[in-house]
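S.K.: Attaching a single structure in structure tokens format; questions to follow.
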Amino acid sequence: MAGLVIEREVLIEAPVEVVWRIVTEPDQMSQWFADRVDLVVEPGAHGYMQFGDQGGPVVVETVDPPARFSFHWNHPSGEEPVAGNSMLVEFTLTPEGDERTRLRVTESGHELRDWPDAEKQRYTDEHQEGWGEFLERLASVLEARQSR
Amino acid sequence: MTTQADDELWSAIADPSRRRVLDLLVGTGDVSASWLAGHVPFSRQAVSKHLVVLEQAGLISRRKQGREVLYQIDADRLDQATQALADVAAQWDRRLVAIKRLAEASHAEHKKKRKH
């Protein structure tokens with residue numbers, strides 16, 4: 001995927017249905033995410049999240065229980081989220097046996113724009129490396145420069 | 001929630017081919033657009049476009065040497081960008097750990113109830 005930003009995951013000692021509930025139910029979300037979550041978990045639903053004295057709109061994209069949940073955020077208030085003006089947060093839940101779940105989250109945005117499709121595809125195929133690798137490389141180069 | 005400046009930075013480095021150009025500049029510094037074009041699998045024209053975006057985001061700067069324009073990274077700004085991304089990643093790590101705790105506690109509670 002073009003413009004992949006951040007990918008993290010965690011292994012949880014609980015069945016996938018339990019994790020799904022924690023990730024998607026608004027009263028649960030307010031315990032691990034925003035201070036206040038006004039959201040109906042349905043594809044296309046518009047909601048709002050409050051973080052301290054800041055807040056912003058959220059638009060649900062995918063609800064596929066108990067495997068996939070995604071939403072757009074960080075788009076300007078009053079605008080519909082499209083590629084380029086918002087970030088997409090996507091949760092993927094994978095059962096590992098009956099009582100264990102792998103939970104992965106990606107936050108991505110800013111797809112390649114203003115590029116011919118064939119070129120886009122070629123670059124994307126050639127540069128699949130994620131952010132982790134990029135950050136590590138940058139950090140080590142910066143350290144090396146600073147210690148010089 | 002991000003600011004306008006963050007957005008520019010974010011979008012400048014979200015593009016994989018721009019990261020490639022940035023990578024090259026981090027490793028070398030003080031090189032021309034032609035030199036860069038010789039080290040990436042895309043056109044000189046594409047390299048120029050990327051350099052404009054990177055410069056607008058403040059990640060690189062240019063200087064003239066004779067008839068050539070040379071590009072170099074702005075280490076402070078790049079450091080700031082790296083930190084901003086690391087912060088977002090750390091935020092997700094904290095959220096995932098919180099989800100893990102809630103789910104595991106909820107599951108343990110449920111199992112205990114079932115035993116009784």
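S.K.: Computed FRET efficiency, Cβ-Cβ of B:Q91 and A:E42, R0 41 Å: what is it to the nearest 0.05?
M.R.: Efficiency computed from Cβ-Cβ geometry: 0.95.
S.K.: How far apart, in nm, are the 7 Å Cα→Cβ label points at B:S61 and B:Q80?
M.R.: It is 1.3 nm.
S.K.: Which of A:T24, A:T92, A:T62, A:T101 has the fewest other C-beta atoms within 10 Å, and how do the rest follow up to the most?
M.R.: Lowest count first: A:T62, A:T92, A:T24, A:T101.
S.K.: Now a separate question. Determine the sum of side-chain charges near A:E96: Lys and Arg each +1, Asp and Glu each -1, restricted to other residues whose C-beta is under 11 angstrom from that of A:E96.
M.R.: Charge balance in the 11 Å sphere: -1.
S.K.: Name the residue, out of B:V69, B:V52, B:V97, whose mean-square fluctuation peaks in a Gaussian network model built on chain B with Cα pairs under 10 Å.
M.R.: B:V97
S.K.: Read phi for every residue in segment A:17-24 and hand back ³J(HN,Hα) as whole Hz from Karplus 6.51 cos²θ - 1.76 cosθ + 1.60, θ = phi - 60°, with x for Gly and Pro.
M.R.: Running phi through 6.51 cos²θ - 1.76 cosθ + 1.60 with θ = phi - 60° gives 5, 5, 5, 4, 5, 5, 6, 10 Hz.
S.K.: For chain B, what does the helix formula give at 222 nm: sum of -39500 (n - 2.57) over DSSP H segments with n ≥ 4, over the residue count, nearest 500 deg cm²/dmol?
M.R.: Rounded to the nearest 500, the figure is -23500 deg cm²/dmol.
S.K.: Assuming R0 = 41 Å, can you tell me the calculated FRET efficiency for the pair B:V52 and A:R102, based on Cβ-Cβ distance, to the nearest 0.05?
M.R.: That pair, B:V52 with A:R102, gives E of 0.50.
S.K.: Hull surface divided by four, with the convex hull built on the Cα atoms of segment B:53-116: how many nm²?
M.R.: 5.8
S.K.: Return the inverse of the average 1/r over all pairs of distinct C-alpha atoms in segment A:6-111, which is the Kirkwood hydrodynamic radius, in Å to one decimal.
M.R.: When all Cα pairs of segment A:6-111 are included, the Kirkwood radius is 14.2 Å.
S.K.: May I pose another question? Across bins of 10 angstrom width beginning at 0, how are the C-alpha pair distances of segment B:4-115 distributed, in whole percent?
M.R.: In whole percents, the pair-distance histogram is 13, 35, 20, 11, 9, 7, 4, 1, 0.
S.K.: May I ask you to sort B:H50, B:H116, A:H75 by Cβ crowding, counting other Cβ atoms within 10 Å and putting the fewest first?
M.R.: B:H116, A:H75, B:H50
S.K.: As a footprinting exposure proxy, order B:R114, A:R68 by other Cβ within 10 Å, with the fewest listed first.
M.R.: Ordered by Cβ neighbours within 10 Å, fewest first: B:R114, A:R68.
Read-outs throughout are calculated quantities, based only on the coordinates presented, and are distinct from any laboratory measurement. Since the model is a prediction, treat every value here as computed from it, not as a measurement. Glycine also receives a Cβ, built like all others from the backbone with ideal geometry; neighbour counts cover every protein chain displayed.
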